[in-house]
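The next block holds one structure in the form of structure tokens; read it before the comments.
The numbers here are math on the coordinates, done by the rules we state, and not lab data. Since we're looking at a predicted model, the values are computed, not measured. Cβ atoms come from the backbone with ideal geometry, glycine included; neighbour counts cover every protein chain shown.
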Amino acid sequence: MAKNIQLKFNDQAPDVTLLDGAGKPVQLSSLWKKHVVVLAFTRHFGCPQCKEMVDQLIDAHQTLTEAGLLLAIVSHASPESAKAFCDQRAPNALCLADPDRAAYKAYGLYRGTLWQTILSPNIWKSNRRLARQKGFKPGVPLPGQDAYQMSGTFVIGMDGRIRLPYYYEDIADHPPVDLLLHGIMGVDWKKPFDTKPLV
């Protein structure tokens with residue numbers, strides 16, 4: 001069985017065409033040519049952890065915008081379903097649909113294992129906490145969505161290169177907003193990574 005390929009720091013970001021809420025195509029490169037992009041892939045709309053992740057991103061949306069970052073939330077749903085979800089949870093964010101999961105595959109986001117999606121103690125603890133604190137309970141995916149699909153978050157620089165690839169250990173794992181804002185050691189996302197050797 002072939003090993004899943006994942007993107008690394010400074011790799012060229014795959015330039016995939018997604019769909020907006022009206023079903024119109026959106027080329028990812030058209031976004032990063034104007035902004036540093038935070039590209040956040042969700043799992044399915046019945047996932048409590050995904051709702052928490054989206055809520056955290058939306059709580060920080062203004063801060064992200066003020067820092068020059070464009071938030072784009074991707075789901076593997078129809079444009080209509082993605083729009084309905086975002087109208088409810090993320091009304092001010094750019095929401096994109098990837099119903100055939102072409103972008104998920106291009107960004108190295110595959111189906112998770114039973115441990116990553118169901119059995120990890122982190123998930124059970126998270127489910128209990130979210131049910132108690134927010135009333136989020138695990139739900140059934142919409143038709144066409146996959147409960148085993150893994151999430152991921154990527155910061156893409158204006159040169160189209162991956163500044164931060166964040167692959168989840170399990171579905172309860174998502175990056176702190178501070179990491180998306182400041183990276184490691186306060187990196188400036190807008191500056192290209194200098195690969196020239198030191199003299």
_Any residue at all in segment 24-34 that's touching a Ser or Thr at 6+ places or on another chain (Cβ under 9 Å) and either within 28 Å of LYS125 (Cα to Cα) or buried (at least 19 other Cβ atoms within 10 Å of the Cβ) (or both)?_
yes
*Taking PRO138 as the residue in question, decide whether it is of a type outside the set (Lys, Arg), in contact (Cβ under 8 Å) with a residue 12 or more places away in the chain and part of a loop (DSSP other than H, G, I, E, B).*
yes
*For segment 161-187, what are the residues that are part of a loop (DSSP other than H, G, I, E, B) and surrounded by 16 or more Cβ atoms within 10 Å (Cβ to Cβ)?*
TYR168, ASP170, ILE171, ALA172, ASP173, HIS174, PRO175
*Go through segment 178-191 residue by residue and tally those that are under 14 Å from the mean Cα position of the chain (by Cα) and more than 25 Å from GLN27 (Cα to Cα).*
1
*Going by the conditions given, is GLN6 within 22 Å of ARG161 (Cα to Cα), in contact (Cβ under 8 Å) with a residue 60 or more places away in the chain, surrounded by fewer than 19 Cβ atoms within 10 Å (Cβ to Cβ) and touching a strand residue (DSSP E or B) at 6+ places or on another chain (Cβ under 9 Å)?*
yes
*Would a scan of segment 124-141 turn up a residue that is within 19 Å of LYS51 (Cβ to Cβ), under 18 Å from the mean Cα position of the chain (by Cα) and surrounded by 12 or more Cβ atoms within 10 Å (Cβ to Cβ)?*
yes
*If you go through segment 79-121, how many residues are buried (at least 18 other Cβ atoms within 10 Å of the Cβ), outside any helix (DSSP H, G or I) and polar (S, T, N, Q)?*
1
*If the Cβ limit is 9 Å and pairs must be 6+ apart or interchain, which residue in segment 17-37 that is assigned to a strand (DSSP E or B) pairs with which residue that is exposed (fewer than 12 other Cβ atoms within 10 Å of the Cβ)?*
THR17/PRO25; LEU18/PRO25; LEU19/PRO25
*Quick check: is even one residue across segment 148-159 more than 17 Å from the chain's Cα centre (by Cα) and surrounded by fewer than 21 Cβ atoms within 10 Å (Cβ to Cβ)?*
yes
_Quick check on my filter: what residues within segment 162-184 are in contact with a strand residue (DSSP E or B) (Cβ under 6 Å, 6 or more places away or on another chain) and charged (D, E, K, R)?_
ARG163
*Please work out if VAL54 is part of a helix (DSSP H, G or I), buried (at least 21 other Cβ atoms within 10 Å of the Cβ), out of contact with any Asp or Glu (no Cβ under 7 Å at 6 or more places or on another chain) and among the β-branched types (Val, Ile, Thr).*
yes
